[in-house]
Amino acid sequence: MNCRKVNHLLSAYMDGELPGIESLQIRDHLNSCQACCDDYNELLHMKRLLGRLKVQTPVHDLPVAIFQTIRVDSELASHRTVAARTQELANGLRAAVGPPRVVAIAICAAGLVVFTFASRNSDKVHSIGSWDHSTPPASEFTAGIRYPDPQRFVSTPSRNTPGIRTLDEVSFTGQSYRWPDDRLYSRRANTPVSTVDYTQFGR
Amino acid sequence: MDIARLFAGVLKNDRSEFDALVNRCHRQAYNVAYRLTGNHADADDLTQETFLRAYRFFDRYNRSMPFENWLYRIMSRVFIDELRKKPKHRIQSIDQPINIGSGSEREMLLEIPDYDSNPENALLTDQLDEVLQTALNSLPEEFRIAVILADIEGMSYEEIAESMSCSLGTVRSRLHRGRKLLRSRLTPPSDMAARS
Ligand SMILES: [Zn+2]
């Protein structure tokens with residue numbers, strides 16, 4: 001074997017991924033060729049360096065964040081499905097019935113039915129809670145007001161986030177969603193927050 | 001019919017299996033994600049997105065394959081997709097080595113501390129960690145994934161091929177070229193000139 005070919009196979013030789021014969025040929029060559037031997041040692045050194053890199057650990061409770069992400073995603077998915085079904089139903093009606101006014105009424109009726117069905121369904125686990133709008137009145141939730149009282153956030157007890165009781169303990173990094181049902185949805189659970197910027201929710 | 005469940009494609013039994021896998025694998029997955037992306041914020045995003053997709057497609061997970069390998073297959077895809085989405089990502093020129101001094105200074109930095117005397121406790125210094133990470137960041141994505149799976153995760157070529165959905169020959173060549181590039185990034189031009 002010449003140096004060029006050996007050089008090409010050094011990496012696989014080092015990883016023990018060469019068939020026996022080739023492996024022996026390389027070993028013989030390395031015993032007699034200083035240049036290739038130096039190359040090999042350098043490759044080996046680098047492999048060891050990489051193997052000795054520190055194990056990087058998550059900066060927060062990753063499983064909690066992952067389960068939260070999944071929960072929100074499932075919730076969004078079910079809402080998307082509801083929307084898609086309503087649309088489908090509307091399309092079907094339009095084809096069957098025709099006149100726009102009848103279609104509009106039908107869409108509203110179908111939407112109502114599906115929405116009732118969906119909201120019964122979503123009470124289970126997906127949202128992390130909802131806002132208590134009884135006090136203060138809803139008019140205070142205008143865009144731009146930072147509303148400081150975390151107590152008014154009523155959390156929904158859930159299987160995957162046991163112990164979340166006030167907004168102080170709920171955490172998120174900014175990508176938040178708000179549905180007409182006034183529940184707060186958080187895409188990820190990272191940094192604890194104590195106040196909520198309502199401009200995000202655009203009420 | 002439960003709409004959410006239908007959409008997610010995950011049934012109750014699968015869910016508890018999945019949760020257990022998250023608990024078992026998240027640290028390892030995070031470490032790989034960190035080495036791929038080079039920072040905590042991106043590693044966090046990448047890990048979460050990977051597990052989210054794993055959850056969505058969990059009904060397609062073939063149990064004969066180790067979960068980690070399947071997870072890294074998803075992670076590789078997410079990683080490459082996300083990188084391509086970003087208009088500018090920090091890939092330094094491949095020809096340009098990282099400035100880590102030269103001669104004895106470099107030798108000292110690249111030395112493995114206490115490698116022979118106490119291999120259990122031998123961790124690299126923060127400085128060397130950073131230098132290696134910068135060099136990794138400079139590799140094209142496919143090479144980077146292959147090198148990380150081989151040298152940090154210690155996976156076999158067959159497992160890497162499975163995780164990267166490519167042939168053994170491709171794994172071999174990606175590793176070969178990736179390591180060559182990595183070495184050139186860690187070697188000052190003067191040393192390179194002296195070598196050839
Ligand atoms: Zn040679």
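The values are calculated or read from the model by the stated rules, or taken from the named source; none is laboratory data. As the structure is a computational prediction, the values presented were derived from the model and not from experiment. Positions of Cβ are backbone-derived with ideal geometry, glycine not excepted, and every protein chain shown enters the neighbour counts. Surface areas here come from the heavy atoms of the whole protein model, side chains and all, with no ligands, DNA or RNA. Shrake-Rupley method; radii C 1.70, N 1.55, O 1.52, S 1.80 Å.
Residue by residue, here is whether (1) away from the ligand (no atom under 16 Å from the Cβ); (2) among the charged types (D, E, K, R); (3) buried (at least 19 other Cβ atoms within 10 Å of the Cβ) holds:
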{"site": "A:Q25", "(1), (2), (3)": "no, no, no"}
{"site": "A:S32", "(1), (2), (3)": "no, no, no"}
{"site": "A:L44", "(1), (2), (3)": "no, no, no"}
{"site": "A:R48", "(1), (2), (3)": "yes, yes, no"}
{"site": "A:V59", "(1), (2), (3)": "yes, no, no"}
{"site": "A:P63", "(1), (2), (3)": "yes, no, no"}
{"site": "A:E75", "(1), (2), (3)": "yes, yes, yes"}
{"site": "A:A84", "(1), (2), (3)": "yes, no, no"}
> A:D39 versus (1) away from the ligand (no atom under 16 Å from the Cβ); (2) open to solvent by 20 Å² or more (accessible area, probe 1.4 Å): which is the lone unmet condition?
Replying inline: (1)
> From the residues in segment A:1-23 that are under 20 Å from B:R185 (Cα atoms) and within 12 Å of the ligand (Cβ to nearest atom), which one is most open to solvent (accessible area, probe 1.4 Å)?
Replying inline: A:H8
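Name the single residue, out of those in segment B:26-44 being more than 11 Å from the chain's Cα centre (by Cα) and surrounded by 18 or more Cβ atoms within 10 Å (Cβ to Cβ), that is farthest from B:P140 (Cα to Cα). Explain how you work it out, then say what you get.
So the first thing to find is which residues in segment B:26-44 are more than 11 Å from the chain's Cα centre (by Cα), and the list is B:26-27, B:39-42, B:44.
Narrowing the set further to residues that are surrounded by 18 or more Cβ atoms within 10 Å (Cβ to Cβ) leaves B:26, B:44.
Details: B:H26: 25, B:D44: 21 Å.
The qualifying residue farthest from B:P140 (Cα to Cα) is B:H26.
Of all residues in segment A:8-66, how many are among the polar types (S, T, N, Q) and farther than 24 Å from B:R144 by Cα? First the steps, then the outcome.
First, pick out the residues of segment A:8-66 that are among the polar types (S, T, N, Q): A:11, A:23, A:25, A:31-32, A:34, A:41, A:56-57.
Cutting the leftovers down to farther than 24 Å from B:R144 by Cα gives us A:23, A:25, A:31-32, A:34.
The total comes to 5.
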